[in-house]
1. Residue under question is A:Asn40, and the condition is that it be within 12 Å of chain B (Cβ to nearest Cβ), assigned to a loop (DSSP other than H, G, I, E, B) and not aromatic (Phe, Trp, Tyr); does it hold?
2. If you go through the range A:58-76 one residue at a time, how many are polar (S, T, N, Q) and under 13 Å from A:Thr38 (Cα atoms)?
3. Give B:Ile379, B:Ile319, B:Ile363, B:Ile391 a once-over and let me know the one that is away from every other protein chain (no Cβ under 14 Å), among the β-branched types (Val, Ile, Thr) and buried (at least 21 other Cβ atoms within 10 Å of the Cβ).
4. I'm trying to understand the selection: among the residues of the range A:40-66, which are on the phi > 0 side of the Ramachandran plot and not polar (S, T, N, Q)?
5. Need at least 1 residues that are more than 22 Å from the chain's Cα centre (by Cα), within 24 Å of A:Asp287 (Cβ to Cβ) and away from every other protein chain (no Cβ under 14 Å) per element, so show me which strands (runs of 3 or more DSSP E) inside the range A:156-255 make the cut, counting only ones lying wholly within it.
6. Mind listing just one residue for me: the one in the range B:396-452 that is within 14 Å of chain A (Cβ to nearest Cβ) and aromatic (Phe, Trp, Tyr) and, of those, surrounded by the fewest Cβ atoms within 10 Å (Cβ to Cβ)?
7. Which residue is surrounded by the most Cβ atoms within 10 Å (Cβ to Cβ), if the candidates are limited to the range A:11-60 and must be modelled with pLDDT of 90 or more and acidic (Asp, Glu)?
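The values are calculated or read from the model by the stated rules, or taken from the named source; none is laboratory data. Just so it is clear, the structure is predicted and the values come from calculations on it, not from any experiment. Virtual Cβ from ideal backbone geometry, glycine too; neighbours counted across all protein chains shown.
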Amino acid sequence: MLIAFGLSLVLGSAVALGADYPTKPIEILVPWAQGGTTDNMARAFQPLFEKAIGGTTFLKNMGGASGAVGTEYVYSKPADGYTVMVSSYQPAGIFQVMNLTKLGLDDFETIAIVSFGVPSIAVHKDARWKNAQELIDEAKKNPGKISVGYSGPATMGQICAFIIEKYTGAKFNMIPFSGGGPVVTATLGKHIDANFQALAENMDQYLGGNFRLLGTFSNEPIKGLEGVPALGQVFPAMKPYLPWGQWIAVMVKKGTPSEIVKKLQDAARIVLAQKEWTDYVTSMRNDPMALIGDAAEKYARDWSSFTSWLLFEAGAAQKSPAEFNIPKP
Amino acid sequence: MFIEAIQNALTVKSLLLVSAGSLLGITIGALPGLTITMTTALLVSLTYGWPTWDALALIMGAYVGSMSGGAISAVLLNIPGMPSACATTFDGYPMAQRGEAGTAIGMARTASLFGSLIGMVFLAGVAPIVANFALKFGPYEYFYLILMGLTMISSLSGGSFIKGMIAGLLGMFLSIVGMDPIWGTARYTFGNFQLMRGLNFVAVLIGLMGMSELLIQASKKHIDMPMVKEIKKEVIKLSELWRMKWLILQSSLIGIWIGALPGIGQTIATLAAYDAAKRTVKNPKIPFGQGAIEGVVAPEVADNACIGGALIPMLALGIPGDSTTAILLGAFMMHGIRPGPLFMSSEPSLFWFIVIMGTIAAIAAYFLVRLGSKVFPKILLVKANLLLPVIGILCVVGSYATEGNVFDIFVMLFFGVLGFLLRLMRFPVSSIVIGFVLGQMADSELRRALMLAQGKFIQQSLTRPISLILIIAIIAQLLLSNKRLRERMKFATASIIGSKKAENIR
């Protein structure tokens, strides 16, 4: 009798939770500091999402340890849909293999994947390499002599270098910096030979005539950049793994009631279809994406298994993806 | 284009927006923990739909205003409202304790105005030259520059050199706690993921300065009395300012230069300007550290000159000079403006608009702080047993507000107690701050340089012209700061000349 009463109370509250959600303000947590790509995207997403979900939202930044601190914070909150994380790709196995936190895709529900940023190979305009083939041939002939800057442990530029090293046999001297800005600055000052940062970061220097772009990590040339070859066409061995890049996702803690998850998915679907959103993403030189629910989950899982095993095999990861049941690609 | 900028700048709307931004900036600057980076990010989303001119007027106002606000809480409560105001506490707070809070804030406000204006002149006049020179600084140059900064520990340590070094090394050690920026290895985190992100600099500063001062005041006997007996009238003499003309120029150049070097930051600029002031001002009326007016002017000038400096690489090359300009870059893109190397030639009217707005914001900040300058010092007449709890709350809220993380409150409390104990034992807290700001940077830059050098670090250091100059400067500085050696040199030169003064020196 008591158990039945208790059960009905739990069920009752669960139904109530889902039915009139949201009844209080939703916290949108960005596990990165203000001003980065993830933060910019979240700030554009928030007002549109607020309208779509029909409640109030507020945005909070909690940076540190490549996003691990904010991710832990979201996980420490109840799974009631009132703490929504707008995160970059790190929860997809990167935290785990880099030994930053134990949290991975099994701990979160991927509501939607909202944008994608493609990396590029950039060199200074005075550099002697005219195309990607020349750069990589030299990196094969003199292994470890060409210096490549990247923006810190397990970031996009480093993973891109591993992709190139794995499929072409080249070897670079990898120099970590404290962010994308410093990498671009060091390339501009000719302190490093090349970088594999996001196209968004290299674009202004390319348009200003200071950088030469040798390729993008895609299979087709990027729209508006037809002169820059797609690496999938230059190196056919890389083709199955491209386009590879940085994506931004909306996530909630695993165990959030399915009705709330559905409401969040519907709201995300409305936002991602809006022209205001796609225009913004394009203006930040990213590609709009609109993967919802299962499609988003599958994308994240595939990406996770490719990238975490790549990091592990390159010797950059501290833990094996097998420890976290991340399947081999 | 210049005309178009003027036309857009001198409208009632622009002037109102820049003043409103300035007022907001001063408030944010004066409140510990609320940073201008965070404010700029909020303003960028707030002004998303606005016309570009209006958005820029508001943001520039806040950016410039915040630098003037930081000094207020630094002088009154020993809590740097902005991290960059920490050097202002060294002499500003002792001045306030003597009842000269009005003069200290007044001087800070005037110094801020000069700093901003000189910074804007450099931005308008020589931005491309400075930006291209700044690009010549790679990991080697940064490392030696930071090493030079670390020599400040010895000159700022005041009484005991050994105690200064101990405090400096403690600061350097504490700065490397967290995720190693090179390989991502956890250092001294004891498995705590909150420590993975490192110790929050703002919380450390509020603890070391504000909280430790609170504990010192609270441990005094007469807690029901105001901390300051009387408030003297604000005295700002033009002759005094004229006397400090070279100091103002020197501090501006330091501020512009360090501001223009991406990634170094305003806090270091202000500390360096303070240090330079201490070396160059031979006979201050009141010794540095005990309430010298020069010790307030130098960091405040540098702080504001940094704005012009940080805007130089952003506008001339499209690379951010600090975290605030990084957000400004994002704001540009939102408004469909291409930052980058072509910005100054493709958007000259926008460039001039920013320069003009920076100038107007500096003037607005001057008058806005002046409006409040009669009121601010009166806070100190409140009885200590009423004021101290308020300071305590400010410390707690401030350390939480920077990143919205409760853990930072405990960091602040820990450093409050640490600072209190160290100050009781007469260790210089400023040395910990310098060690903390520079330690991590020195570590990363050295390792980056070593990775680039591939075994040829020494050759590279000695053959790169700027790094060689920096090495020579460091050695010269160390030799000159050795008192005995300096006296011997004087003696030697004197005996060569054959003057009788040699005996006097001996």
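1. Spelling it out, it is not the case that A:Asn40 is within 12 Å of chain B (Cβ to nearest Cβ), assigned to a loop (DSSP other than H, G, I, E, B) and not aromatic (Phe, Trp, Tyr).
2. So in the range A:58-76, the residues polar (S, T, N, Q) come out as A:61, A:66, A:71, A:76.
Checking which are under 13 Å from A:Thr38 (Cα atoms) leaves us with A:61, A:66.
Number satisfying all stated conditions: 2.
3. Details: B:Ile379 fails: buried (at least 21 other Cβ atoms within 10 Å of the Cβ); B:Ile319 fails: away from every other protein chain (no Cβ under 14 Å); B:Ile363 fails: buried (at least 21 other Cβ atoms within 10 Å of the Cβ).
Criteria check complete, one pass: B:Ile391.
4. Across the range A:40-66, the qualifying residues are A:Gly54, A:Gly64, A:Ala65.
5. The strands (runs of 3 or more DSSP E) meeting that bar are A:211-216.
6. B:Tyr400
7. For the range A:11-60, the residue satisfying everything is A:Glu50.
Here's the yes/no breakdown for (1) within 11 Å of chain A (Cβ to nearest Cβ); (2) at pLDDT below 90; (3) assigned to a helix (DSSP H, G or I); (4) closer than 20 Å to B:Thr37 by Cα:
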position: B:Trp257; (1), (2), (3), (4): no, no, yes, no
position: B:Thr270; (1), (2), (3), (4): no, no, yes, yes
position: B:Lys285; (1), (2), (3), (4): no, yes, no, no
position: B:Glu300; (1), (2), (3), (4): no, no, yes, yes
position: B:Leu329; (1), (2), (3), (4): yes, yes, yes, yes
position: B:Trp352; (1), (2), (3), (4): no, no, yes, no
